[in-house]
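Novice: My structure is below; once you've seen it, I'll send some questions.
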């Protein structure tokens, strides 16, 4: 089974490169399940229902988010409207599962691929340097005790690399993959952990790299120089598509391979190490 996870889609440039290359990647790799983090898809900050459903039309099965999930009020309304609608598309848009009880939306989605494989996607958010929300380690334990599917994918949206690595080891052998998001910088630690969990600290951003993590460079530099608040705008140049492709045994949920993907606007990896694989022994 092949799982494609697309990293933090940032603004219109990120949406455009997804629209241009997602279909070809899905076909080329025989993708069975496509997941994407869309929390920055609306102008770099937040996600709207319209954009979410555009991603679904492109072939994304589940959307994850993070700390910017509440930036667009209409997404809260989208979640609330789906509270009693189990088949609403809004159920396939996740907010971190370790937000307090009563928060709009859901943090886990359980579905079945077109090939009949049951799967679950869990969205968690870190606490180090971020909001003081519920413990992602213990929330993961609680969710895993309830999930019946063997194939389980975790998007861990966190700032600290140590917290991401720690949760990866903690869940090794209990989930198919744990891939980090939030920092927008792809890491080079793509690997299979001993228990059969595919891991990467951060998948990277799908968006403009001639920027400071997606935002116009000059605006961020001025913020550091002056500490004055300013309106941030998405950059537009050097757009790249960052993702990971996870191969797993659908009957056990164990990952058997993980591959980093980085494409430029032409669909080429350019000078990057765009296709690296890790295999278990």
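The values are calculated or read from the model by the stated rules, or taken from the named source; none is laboratory data. These figures come from a predicted structure and were not determined experimentally. As a convention, Cβ positions derive from the backbone with ideal geometry for all residues, glycine included, and neighbour counts pool all protein chains shown.
Novice: Could you check how many residues of the range 206-228 are touching a strand residue (DSSP E or B) at 6+ places or on another chain (Cβ under 6 Å) and assigned to a strand (DSSP E or B)?
Specialist: Step one: of the range 206-228, the residues touching a strand residue (DSSP E or B) at 6+ places or on another chain (Cβ under 6 Å) are 206, 208-209, 214, 220.
When the remaining residues are screened for being assigned to a strand (DSSP E or B), the result is 206, 208.
Number satisfying all stated conditions: 2.
So that you can scan it fast, the table gives a plain yes or no per residue for (1) within 19 Å of residue 36 (Cβ to Cβ); (2) in contact (Cβ under 8 Å) with a residue 40 or more places away in the chain; (3) not in a strand (DSSP E or B):
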| position | (1), (2), (3) |
| --- | --- |
| 83 | no, no, yes |
| 134 | no, no, yes |
| 149 | no, yes, yes |
| 152 | yes, yes, no |
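Novice: Mind listing just one residue for me: the one in the range 154-164 that is out of contact with any helix residue (DSSP H, G or I) (no Cβ under 8 Å at 6 or more places or on another chain) and in a loop (DSSP other than H, G, I, E, B) and, of those, nearest to residue 68 (Cα to Cα)?
Specialist: Once the filter is applied, the top-ranked residue is 159.
Novice: Among the numbered conditions (1) more than 16 Å from the chain's Cα centre (by Cα); (2) without any contact (Cβ under 8 Å) to a residue 40 or more places away in the chain; (3) within 23 Å of residue 116 (Cβ to Cβ), tell me where residue 1 comes up short.
Specialist: Single failed check for residue 1: (2).
Novice: Give me a count of the residues in the range 100-120 that are assigned to a loop (DSSP other than H, G, I, E, B) and within 18 Å of residue 63 (Cα to Cα). Step through it out loud before you land on a result.
Specialist: Here is the first cut: in the range 100-120, the residues assigned to a loop (DSSP other than H, G, I, E, B) are 100-105, 107, 113-117.
Right, trim to within 18 Å of residue 63 (Cα to Cα) and you get 103-105, 107, 113-114.
Count: 6.
Novice: Okay, next question. Residue pairs, Cβ under 6 Å, 6 or more apart or interchain, first in the range 259-273 and more than 14 Å from residue 206 (Cα to Cα), second assigned to a strand (DSSP E or B) and modelled with pLDDT of 95 or more. List them.
Specialist: Sorted first by the residue in the range 259-273, then by its partner, the pairs are 259/245; 272/262.
Novice: Would you be able to tell me the number of residues in the range 240-272 that are in a loop (DSSP other than H, G, I, E, B), in contact with a helix residue (DSSP H, G or I) (Cβ under 8 Å, 6 or more places away or on another chain) and either within 16 Å of residue 119 (Cβ to Cβ) or at pLDDT 95 or above (or both)?
Specialist: 0
Novice: Hey, residue 123 hits all of (1) in a loop (DSSP other than H, G, I, E, B); (2) under 20 Å from residue 163 (Cα atoms); (3) modelled with pLDDT of 95 or more; (4) out of contact with any helix residue (DSSP H, G or I) (no Cβ under 6 Å at 6 or more places or on another chain) but one; which does it fall short on?
Specialist: Every listed condition holds for residue 123 apart from (1).
Novice: Condition (residue is surrounded by fewer than 18 Cβ atoms within 10 Å (Cβ to Cβ), modelled with pLDDT of 95 or more and out of contact with any helix residue (DSSP H, G or I) (no Cβ under 8 Å at 6 or more places or on another chain)) applied to the range 192-202: is it met by at least one residue? It would help to see each step written out before you state the result.
Specialist: So the first thing to find is which residues in the range 192-202 are surrounded by fewer than 18 Cβ atoms within 10 Å (Cβ to Cβ), and the list is 194-195.
In the following step, the residues that additionally are modelled with pLDDT of 95 or more were identified as 194-195.
From the residues that got through so far, the ones that are out of contact with any helix residue (DSSP H, G or I) (no Cβ under 8 Å at 6 or more places or on another chain) too are 194-195.
The answer is yes, given that some residue of the range 192-202 is surrounded by fewer than 18 Cβ atoms within 10 Å (Cβ to Cβ), modelled with pLDDT of 95 or more and out of contact with any helix residue (DSSP H, G or I) (no Cβ under 8 Å at 6 or more places or on another chain).
Each row is one residue, and each column tells you yes or no for (1) in contact with a strand residue (DSSP E or B) (Cβ under 9 Å, 6 or more places away or on another chain); (2) over 19 Å from residue 111 (Cβ atoms); (3) at pLDDT below 95.
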{"residue": "15", "(1), (2), (3)": "yes, yes, no"}
{"residue": "24", "(1), (2), (3)": "no, yes, no"}
{"residue": "30", "(1), (2), (3)": "yes, no, no"}
{"residue": "41", "(1), (2), (3)": "yes, yes, no"}
{"residue": "59", "(1), (2), (3)": "yes, no, no"}
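Novice: Go through the residues of the range 173-180 one by one and say whether even a single one is in a loop (DSSP other than H, G, I, E, B) and surrounded by fewer than 23 Cβ atoms within 10 Å (Cβ to Cβ).
Specialist: In the first step, residues of the range 173-180 are kept if they are in a loop (DSSP other than H, G, I, E, B); the result is 173-174, 176.
Next, only the ones that are surrounded by fewer than 23 Cβ atoms within 10 Å (Cβ to Cβ) stay: 173-174.
Yes, some residue in the range 173-180 is in a loop (DSSP other than H, G, I, E, B) and surrounded by fewer than 23 Cβ atoms within 10 Å (Cβ to Cβ).
Novice: Among the residues of the range 91-104, which ones are farther than 14 Å from residue 39 by Cα and surrounded by 14 or more Cβ atoms within 10 Å (Cβ to Cβ)?
Specialist: Across the range 91-104, the qualifying residues are 91, 97, 98, 99, 103, 104.
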